[in-house]
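See structure below.
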2 protein chains.
Amino acid sequence: MLDKVYTALVHYPVLGRDGRIITTAVTNLDIHDIARSSRTYNVKKYYVVTHLPAQQDIVKKVLGYWTEGFGKGYNPNRSDALSIVELKSYVEDVIAEIEKNERQRPIIMFTSARIRPNTITYEEGRHIILNDPRPVLLLFGTGWGMPKELEEMCDYSLEPVRGKSDFNHLSVRAAVAIILDRLIGEAVLEK
Amino acid sequence: MLDKVYTALVHYPVLGRDGRIITTAVTNLDIHDIARSSRTYNVKKYYVVTHLPAQQDIVKKVLGYWTEGFGKGYNPNRSDALSIVELKSYVEDVIAEIEKNERQRPIIMFTSARIRPNTITYEEGRHIILNDPRPVLLLFGTGWGMPKELEEMCDYSLEPVRGKSDFNHLSVRAAVAIILDRLIGEAVLEK
């Protein structure tokens with residue numbers, strides 16, 4: 001449902017340059033940009049997923065500055081956007097929280113460079129978001145992609161963005177924006 | 001035409017918080033993200049527009065590192081993306097260069113939060129890009145918007161993205177990605 005869409009940015013477990021499992025560093029602008037895009041498309045919560053305490057401290061510091069500290073008064077819009085950000089240690093915690101709040105397990109989607117048995121088009125993904133009563137969690141990886149264990153937790157894989165182009169290296173910030181726009185577009189909640 | 005699309009990110013003249021003309025600072029990630037999005041959508045050149053010598057030095061340093069320095073070997077994809085970035089002092093220089101290279105003045109489009117006499121839909125913008133033989137320049141502002149003098153240089157104003165949403169504060173990086181996707185989508189050049 002349009003009022004139950006969630007996003008999550010995963011920093012562990014993700015693939016490194018050599019295909020091994022790594023933890024990526026949290027990037028300040030990933031918090032800001034994806035929060036602003038998520039808020040603009042009426043996403044209910046944007047989860048930043050990292051299990052490292054030092055990295056969690058960075059996330060807390062950014063959120064504190066903008067939602068309680070100086071930033072709140074300086075830029076209320078930014079504060080509004082960051083108010084939907086939530087820190088979690090693992091993807092399992094994200095799913096458990098959504099399940100608890102919505103009393104239903106979310107449908108989980110991610111994007112993949114490959115076509116898989118569970119690949120759907122953006123049109124199909126949009127249909128699910130607009131019509132299925134269950135919540136939808138959009139999972140985004142950092143680093144060099146998502147490991148098999150995360151892929152297998154997902155119900156659907158979305159087609160690659162610009163799969164036919166000779167160059168396809170969008171930043172995760174750009175990819176999230178485009179995917180939210182393709183799935184939700186100009187659809188807004190009726191108040 | 002699909003093979004003659006240009007993007008430009010303008011740091012001067014733009015509006016400040018109080019509506020006066022300012023110069024904004026160049027942001028490293030604006031260079032990277034918008035170059036990657038532009039390259040992914042087959043944009044011919046991405047112009048970073050700033051007239052301040054100290055800011056131009058920052059742009060040159062970033063480009064040098066990734067297209068000639070250490071970064072070139074470390075991440076060839078990034079080098080590929082940044083190879084389409086060009087530094088210009090003023091929007092007039094951008095238009096003059098495109099006009100010289102293409103032997104035609106570009107059609108200039110920008111996005112606006114307001115509906116204007118020259119506002120077109122993304123569908124109409126897409127039709128122009130796919131069918132009009134002239135080059136197309138997409139102008140993106142930083143800061144709090146574009147001043148009247150820049151707006152008046154534009155042939156078309158694109159509808160606001162998520163104009164009906166109760167919150168509409170995308171980063172310029174996200175806005176460029178979404179607008180390129182709406183205008184170009186999966187269309188690719190025939191080689």
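The values are calculated or read from the model by the stated rules, or taken from the named source; none is laboratory data. Worth saying up front: this structure is predicted, and the values here are computed from it rather than measured. So basically every Cβ, Gly included, is an ideal-geometry build from the backbone, and we count neighbours across all protein chains shown. Each accessible area value is taken on the protein alone, full model and side chains, heavy atoms only, with ligands, DNA and RNA left out. Shrake-Rupley method; radii C 1.70, N 1.55, O 1.52, S 1.80 Å.
Here are B:Ser171, B:Ser165: which of them is over 12 Å from B:Ser112 (Cβ atoms), of a type in the set (Ser, Thr, Tyr) and crowded, with 23+ Cβ neighbours inside 10 Å?
So the residue among B:Ser171, B:Ser165 that is over 12 Å from B:Ser112 (Cβ atoms), of a type in the set (Ser, Thr, Tyr) and crowded, with 23+ Cβ neighbours inside 10 Å is B:Ser171.
Would it be correct to say that A:Arg78 is within 12 Å of chain B (Cβ to nearest Cβ) and open to solvent by 10 Å² or more (accessible area, probe 1.4 Å)?
It is true that A:Arg78 is within 12 Å of chain B (Cβ to nearest Cβ) and open to solvent by 10 Å² or more (accessible area, probe 1.4 Å).
Run A:Tyr90 past the list (1) in contact with a strand residue (DSSP E or B) (Cβ under 6 Å, 6 or more places away or on another chain); (2) open to solvent by 40 Å² or more (accessible area, probe 1.4 Å); (3) aromatic (Phe, Trp, Tyr) and report the number of the one that doesn't hold.
If we test A:Tyr90 against (1) in contact with a strand residue (DSSP E or B) (Cβ under 6 Å, 6 or more places away or on another chain); (2) open to solvent by 40 Å² or more (accessible area, probe 1.4 Å); (3) aromatic (Phe, Trp, Tyr), just (1) comes out false.
Would you confirm whether or not region B:66-82 contains a residue that is within 19 Å of the chain's Cα centre (by Cα) and in a loop (DSSP other than H, G, I, E, B)?
So far as region B:66-82 goes, no, none of its residues is within 19 Å of the chain's Cα centre (by Cα) and in a loop (DSSP other than H, G, I, E, B).
Here is a list of conditions, (1) among the charged types (D, E, K, R); (2) away from chain B (no Cβ under 14 Å); (3) not in a helix (DSSP H, G or I), and A:Arg17 meets all of them except one; can you say which number that is?
(2)
Being in a loop (DSSP other than H, G, I, E, B), within 7 Å of chain B (Cβ to nearest Cβ) and touching a Phe, Trp or Tyr at 6+ places or on another chain (Cβ under 8 Å) is the filter here; which residues of region A:139-191 pass it?
A:Arg162, A:Ser165
Scan region A:54-73 and tell me whether some residue there is within 14 Å of chain B (Cβ to nearest Cβ) and touching a residue at least 40 places away in the same chain (Cβ under 8 Å).
No, every residue in region A:54-73 fails to be within 14 Å of chain B (Cβ to nearest Cβ) and touching a residue at least 40 places away in the same chain (Cβ under 8 Å).
For the list (1) away from chain A (no Cβ under 14 Å); (2) open to solvent by 10 Å² or more (accessible area, probe 1.4 Å); (3) polar (S, T, N, Q), I need the number of the one condition that B:Ser83 fails.
(1)
Would you point out which residue out of B:Ala25, B:Ala113, B:Ala54, B:Ala96 is of a type outside the set (Val, Ile, Thr) and within 25 Å of A:Ile179 (Cα to Cα)?
Step by step, each of B:Ala25, B:Ala113, B:Ala54, B:Ala96 is checked, and only B:Ala113 is of a type outside the set (Val, Ile, Thr) and within 25 Å of A:Ile179 (Cα to Cα).
In region B:25-50, what residues are buried (at least 22 other Cβ atoms within 10 Å of the Cβ), more than 9 Å from the chain's Cα centre (by Cα) and either at positive phi or among the hydroxyl-bearing types (Ser, Thr, Tyr) (or both)?
Of everything in region B:25-50, those that are buried (at least 22 other Cβ atoms within 10 Å of the Cβ), more than 9 Å from the chain's Cα centre (by Cα) and either at positive phi or among the hydroxyl-bearing types (Ser, Thr, Tyr) (or both) turn out to be B:Ser37, B:Thr40, B:Tyr41, B:Thr50.
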